[in-house]
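So the structure is just underneath, and the comments pick up after that.
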C-alpha cells in the first residue's frame with residue numbers, strides 16, 4: 001500500500017502540454033481544502049486560458065511524436081491478438097478530415113451530430129470531428145429503437161454516425177426501423193464493426209480518405225456548445241444536457257490537477273462514451289493531456305474475457321492509468337494480479353458513479369498497491385464535482401473534496417423545491433452545485449423546471465452533507481433514478497409498462513442494494529382486488545416492453561398494499577428501506593450461517609451517515625468473535641454504515657413496517 005507522501009512524483013516539464021497544463025500546479029501537493037483555496041487565489045481565467053476544447057485536443061495531439069501510438073485496439077478481449085494501431089499523426093489527421101467532411105456536408109457550428117458507436121477506434125475521430133464541426137451527441141446504442149429515435153429527433157440532429165451491420169449489434173437495424181420517423185434530409189454515416197460488412201456508400205472512413213485537412217479551431221468560443229449528453233432523468237425519458245467548450249476545458253484542467261495526466265500516460269479505455277464519465281472523465285480529459293489509449297474490447301468492461309485477463313493487458317501494454325467503475329473493481333479485487341509486472345501504473349486513480357464498498361477498496365488496494373480515489377459527479381456538472389485529495393488523507397464514506405472554483409452546499413428545501421436555508425457543517429440536506437462545470441441548460445426547456453435553485457445552483461437530487469473539512473458525503477437520493485453499475489436507470493422505464501398489465505393497480509420501481517452493481521432495479525406491484533397474477537406472469541408480460549435491457553427488474557414483488565405519501569404517490573423511501581432490508585438480511589444469513597430467528601435488522605435514519613443499519617445477532621459467547629468477522633465481511637461489500645451488537649429475541653430492534 002502506498003503512503004500519501006509517495007503520491008506526488010514530480011512531473012518533468014517535457015511531459016505536459018505547455019499551453020494547457022500548469023507545471024507548477026502539477027508539481028504541487030494537493031492534500032486538503034487549504035490547497036484548493038490556495039489555487040483559487042489566482043482567477044480561473046489565468047488557469048484555463050485555452051477554453052476551446054477542440055483546440056486543447058489538437059494541441060495535445062500535436063505535442064506527441066507523430067509516430068507514437070495513439071490507439072491500440074483489440075476487438076475481442078484476446079490478450080494474444082496483435083492490436084490494430086493508430087499513430088498520433090493518423091489520429092490527428094482523421095479528426096481533422098472528419099470535421100472537414102461534416103462541414104462540407106453542411107454541418108455548422110450549432111448543428112448536432114449523433115454518434116452511436118461501441119468501443120472502436122473510429123469512435124475517437126467521430127466524436128472529436130463532430131465536436132470540432134458542430135455539436136457531438138453520443139447516444140447509448142444499448143437503448144431500444146424507440147428511445148434512440150426520440151433522442152435523435154429531440155436533439156434535431158442533422159447527421160448520425162453509427163455502427164454498420166455487425167454480429168452481436170442491432171444499431172444499424174434499429175436506425176433502419178426508425179428511418180421514416182427521422183427528418184428526410186438527415187445524413188447517416190456507417191462505421192464497419194467487428195466481422196461486420198462495410199457499407200461503401202455511407203462508410204465514414206472511406207469518405208474521409210479523400211477529404212482535405214482543415215483546422216479551424218479558433219472560430220469556436222468557450223461558451224459554444226461542444227456536446228449533448230443524455231442523463232438518466234426522472235420524467236420517463238432521458239434528459240439531454242448541454243455541455244460547453246469552456247466546461248469541458250475546465251473539467252480537463254481539474255482532471256489534470258487531481259490525476260496528473262501527462263503525455264506519457266497509457267490509459268485503458270473500457271467505458272462507454274455515451275455516459276458523461278466515460279466521455280470526458282475517462283477518455284477525452286486523458287486525450288487532451290496527450291495520453292495514448294488502449295481499447296481492449298469492442299464491448300469494453302462488459303467483455304468477460306478481457307476482464308479475466310485485465311492485469312495481463314496492464315502488463316503487456318505498460319498501462320499507466322486504469323479507470324474502472326465500482327462494479328468492475330469488485331471483480332478485479334478478486335482477480336489478483338499475481339506474478340504480473342504492474343510497475344508502469346501510477347500510484348492512484350479515480351472511480352465513481354456508485355458507492356465503492358469498503359471491502360472492495362481495501363482488497364483492491366492491498367493486492368495492487370494502487371490508491372483508489374473516490375469521486376462524486378453528475379451529468380449536469382460536466383461529470384465530476386469532487387474527488388479524494390491525491391496527496392492527503394481521505395475520510396471513510398466521503399466522496400472527496402470539491403474541485404477549485406466549484407461550490408457544493410447542502411440545503412434544506414421545501415415541498416415546492418425552494419431553498420429554505422443552507423445547512424451547517426455535517427447537517428444533511430439536498431446537495432446543490434455551482435461553478436464553471438454547470439450545464440448551460442437542457443435541450444428540452446421543460447427540463448429546466450426544478451433543475452436549479454433561485455440563485456442558479458444545480459439541484460443534484462442527492463441528499464448529503466459537507467463536513468467542517470470540506471469533505472462531501474452522499475447519504476441518500478431524493479430522485480427516482482436507479483444507478484446500476486454507474487448506469488442511470490429511470491424508474492419510469494419499468495413502471496409505465498407494468499401499469500399496462502390489466503391487473504396492476506399500482507407499481508413502484510426502486511433500487512435494491514447489490515454487492516456487485518451497487519444497485520439493481522426491482523419493482524413492487526399492488527394488484528387489483530381478487531387478482532391471482534404472479535410475479536412470473538408480470539415478468540413475462542414485461543419481457544418485450546422494457547426500452548432498456550439494463551432496466552429489466554431483477555425481482556417483481558407483489559404486495560397487498562404499496563405505502564403512499566400524503567398526496568397519494570408511492571412512498572419510495574419506505575420501499576427502498578424494505579429493499580435494503582431484504583438484500584442485507586439475505587447477505588447476512590448467508591454469511592453467518594445462522595437461522596432467521598437469530599438475526600434482527602433495522603434500517604434507520606442517522607444524522608450524519610444518512611442511514612444506519614442496526615444488526616443484532618443472538619448467539620453463544622464462543623461464537624461471537626467469528627460472527628463479528630463474518631458480519632464485517634458481508635457488510636463491507638456495501639457502502640452502508642452499520643452497528644452490530646449481540647442480543648436475544650426479546651431485545652430485537654423494530655423492523656420495517658409491513659415486514
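Taking the condition of being assigned to a helix (DSSP H, G or I) and under 16 Å from residue 283 (Cβ atoms), how many residues in segment 133-164 meet it? Even if it seems obvious, please write down each step before you answer.
So in segment 133-164, the residues assigned to a helix (DSSP H, G or I) come out as 133, 145-155.
Now narrow it down to the ones that are under 16 Å from residue 283 (Cβ atoms): none.
Count: 0.
Could you identify the single residue in 591, 620, 649 that is at pLDDT below 80 and more than 27 Å from the chain's Cα centre (by Cα)?
Working: 591 fails: at pLDDT below 80; 620 fails: at pLDDT below 80.
None of the other options fit; the residue is 649.
Would you please name the residue that is surrounded by the most Cβ atoms within 10 Å (Cβ to Cβ), looking only at residues in segment 241-263 that are at pLDDT 95 or above and outside any helix (DSSP H, G or I)?
243
Return the only residue of 515, 492 being over 23 Å from residue 379 (Cβ atoms) and not assigned by TED's automatic domain parsing to the domain that holds residue 402.
On the way: 492 fails: over 23 Å from residue 379 (Cβ atoms).
515 is the lone residue from the list that is over 23 Å from residue 379 (Cβ atoms) and not assigned by TED's automatic domain parsing to the domain that holds residue 402.
Evaluate the following for residue 446: is it more than 22 Å from residue 373 (Cβ to Cβ) and modelled with pLDDT of 90 or more? Break it down into steps so the answer makes sense when it comes.
Values: more than 22 Å from residue 373 (Cβ to Cβ): yes; modelled with pLDDT of 90 or more: no.
In short, no.
Out of all the residues in segment 174-193, is one or more under 26 Å from the mean Cα position of the chain (by Cα), crowded, with 16+ Cβ neighbours inside 10 Å and in a strand (DSSP E or B)? Steps first, please.
Narrowing segment 174-193 to residues under 26 Å from the mean Cα position of the chain (by Cα): 174-175, 191, 193.
Right, trim to crowded, with 16+ Cβ neighbours inside 10 Å and you get 174-175, 191, 193.
So of that shortlist, the ones also in a strand (DSSP E or B) come out as 191.
Checked against the condition, which is being under 26 Å from the mean Cα position of the chain (by Cα), crowded, with 16+ Cβ neighbours inside 10 Å and in a strand (DSSP E or B), segment 174-193 yields at least one hit.
Cβ-Cβ distance below 6 Å, separation of 6 or more or different chains: which pairs start in segment 67-81 with a residue that is closer than 19 Å to residue 94 by Cβ and end on one that is assigned to a loop (DSSP other than H, G, I, E, B)?
Note: pairs meeting the criteria are 71/121; 72/83; 73/83; 73/121; 75/194; 75/298.
I'm told residue 106 meets every condition in (1) assigned to a helix (DSSP H, G or I); (2) farther than 30 Å from residue 316 by Cβ except one. Can you identify the failing condition by its number?
Just one mismatch for residue 106, condition (1).
Can you tell me how many residues within segment 268-294 are assigned to a strand (DSSP E or B) and over 15 Å from residue 328 (Cα atoms)? If you could, list the steps in order and put the result at the bottom.
So in segment 268-294, the residues assigned to a strand (DSSP E or B) come out as 268, 292-294.
Filter once more, keeping what is over 15 Å from residue 328 (Cα atoms): 292-294.
So the count comes out to 3.
Taking the criterion of being at pLDDT 90 or above, farther than 25 Å from residue 428 by Cβ and surrounded by 12 or more Cβ atoms within 10 Å (Cβ to Cβ), would at least one residue in segment 565-585 satisfy it?
yes
Do we have any residue at all in segment 132-155 that's surrounded by 16 or more Cβ atoms within 10 Å (Cβ to Cβ), over 30 Å from residue 180 (Cα atoms) and touching a strand residue (DSSP E or B) at 6+ places or on another chain (Cβ under 6 Å)?
no
Which residues, taken from segment 295-313, are closer than 21 Å to residue 124 by Cα and part of a helix (DSSP H, G or I)?
Step one: list which residues in segment 295-313 are closer than 21 Å to residue 124 by Cα, which gives 295-303, 306, 313.
Within segment 295-313, 300, 301, 302, 306, 313 meet the criteria.
Exactly one condition in (1) at pLDDT below 90; (2) under 30 Å from residue 245 (Cβ atoms); (3) out of contact with any helix residue (DSSP H, G or I) (no Cβ under 6 Å at 6 or more places or on another chain) is not met by residue 434; state its number.
(1)
I want to confirm something. Restricting to segment 194-231 and keeping residues that are assigned to a helix (DSSP H, G or I) and over 17 Å from residue 91 (Cα atoms), which single residue is modelled with the highest pLDDT?
First, pick out the residues of segment 194-231 that are assigned to a helix (DSSP H, G or I): 204-208, 217-219.
Filter again for over 17 Å from residue 91 (Cα atoms), leaving 218-219.
Details: 218: 58, 219: 79.
Checked segment 194-231; the qualifying residue modelled with the highest pLDDT is 219.
Given the structure, is residue 41 surrounded by fewer than 24 Cβ atoms within 10 Å (Cβ to Cβ) and out of contact with any strand residue (DSSP E or B) (no Cβ under 7 Å at 6 or more places or on another chain)?
Values: surrounded by fewer than 24 Cβ atoms within 10 Å (Cβ to Cβ): yes; out of contact with any strand residue (DSSP E or B) (no Cβ under 7 Å at 6 or more places or on another chain): yes.
Here the answer is yes, as residue 41 does meet what is asked.
Quick check on my filter: what residues within segment 424-456 are over 19 Å from residue 380 (Cα atoms) and surrounded by fewer than 18 Cβ atoms within 10 Å (Cβ to Cβ)?
424, 425, 426, 427 - these are the residues of segment 424-456 that are over 19 Å from residue 380 (Cα atoms) and surrounded by fewer than 18 Cβ atoms within 10 Å (Cβ to Cβ).
Would you pick out the residues in segment 454-468 that are touching a strand residue (DSSP E or B) at 6+ places or on another chain (Cβ under 8 Å), at pLDDT 95 or above and part of a loop (DSSP other than H, G, I, E, B)?
457, 467
Tally up the residues in segment 511-539 that are assigned to a strand (DSSP E or B) and on the phi > 0 side of the Ramachandran plot, please. Steps first, please.
Narrowing segment 511-539 to residues assigned to a strand (DSSP E or B): 511-514, 518-527.
Next, from what is left, pick out any that are on the phi > 0 side of the Ramachandran plot: 518.
Residues meeting the conditions: 1.
The values are calculated or read from the model by the stated rules, or taken from the named source; none is laboratory data. None of these values were measured; they are calculated from a predicted model. Every residue, glycine among them, receives a Cβ derived from its backbone with ideal geometry; neighbour counts consider all protein chains shown.
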